[in-house]
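I have placed the structure first, in the form of structure tokens, so that the comments after it can refer back to it.
The values are calculated or read from the model by the stated rules, or taken from the named source; none is laboratory data. This is a predicted model, so every value here is computed, not measured. Cβ placement follows ideal geometry from the backbone for every residue including glycine, while neighbour counts extend to all protein chains displayed. With ligands, DNA and RNA removed, areas are computed over all heavy atoms of the protein, side chains included. Shrake-Rupley method; radii C 1.70, N 1.55, O 1.52, S 1.80 Å.
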Amino acid sequence: MLGFLISVVVIAISLLIISKLPLGVDVDNPWVALIAGAIIGAFNGIWGLFPGWFRTANALLSLGLIPLIGSIIVFGLAAWLVEGFRLRWGIGSAILGAIALSIVNSILFFILRQTGLVAI
């Protein structure tokens with residue numbers, strides 16, 4: 001449960017960072033980012049229920065296209081469900097936002113791992 005809460009906070013911070021970039025992603029306030037982070041984290045948790053070999057094989061066989069499409073769908077679904085989290089340019093913003101979210105999340109989790117705040 002603590003891992004999920006850390007993930008939600010990191011995703012919320014990532015969404016706030018992404019909303020400052022010119023990608024067409026708008027987040028009204030930190031509470032909206034936290035709710036959107038919880039939704040994105042929950043969907044990522046569902047993907048995490050699949051066995052590791054299935055996720056790896058899926059990503060390798062599709063050259064990363066299926067996980068990318070899944071991330072775009074989850075990002076757009078969170079924007080659709082949460083009032084105050086908007087995609088200005090529709091699918092284009094969802095694509096750019098999902099890619100930016102994965103990059104910013106990776107950087108933030110790398111920093112947290114290096115400082116010893118989260119386990120590997």
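Judged by the gyration tensor of its Cα atoms, with axes a ≥ b ≥ c, the chain is oblate; a/c meets the 1.5 cut and b/c is at least as large as a/b. Where only DSSP H runs of four or more residues are counted, the chain gives -25000 deg cm²/dmol as its mean residue ellipticity at 222 nm, each run worth -39500 (n - 2.57).
About its Cα centre, the dipole of the chain is roughly 200 debye, where the only charges are +1 on Lys and Arg Cβ and -1 on Asp and Glu Cβ. Estimated at 0.36 nm per residue, the fully extended path between residue 54 and residue 110 surpasses their Cα-Cα distance by 17.7 nm.
Using the 1.4 Å probe convention, the accessible area of the chain works out to 62 Å² per residue with neighbouring protein chains retained.
Ligands, DNA and RNA left out, the accessible area of the chain computed with a 1.4 Å probe is 76% carbon and sulfur.
Of interest is the spacing of the C-alpha centroids, which for region 48-66 and region 101-120 amounts to 22 Å.
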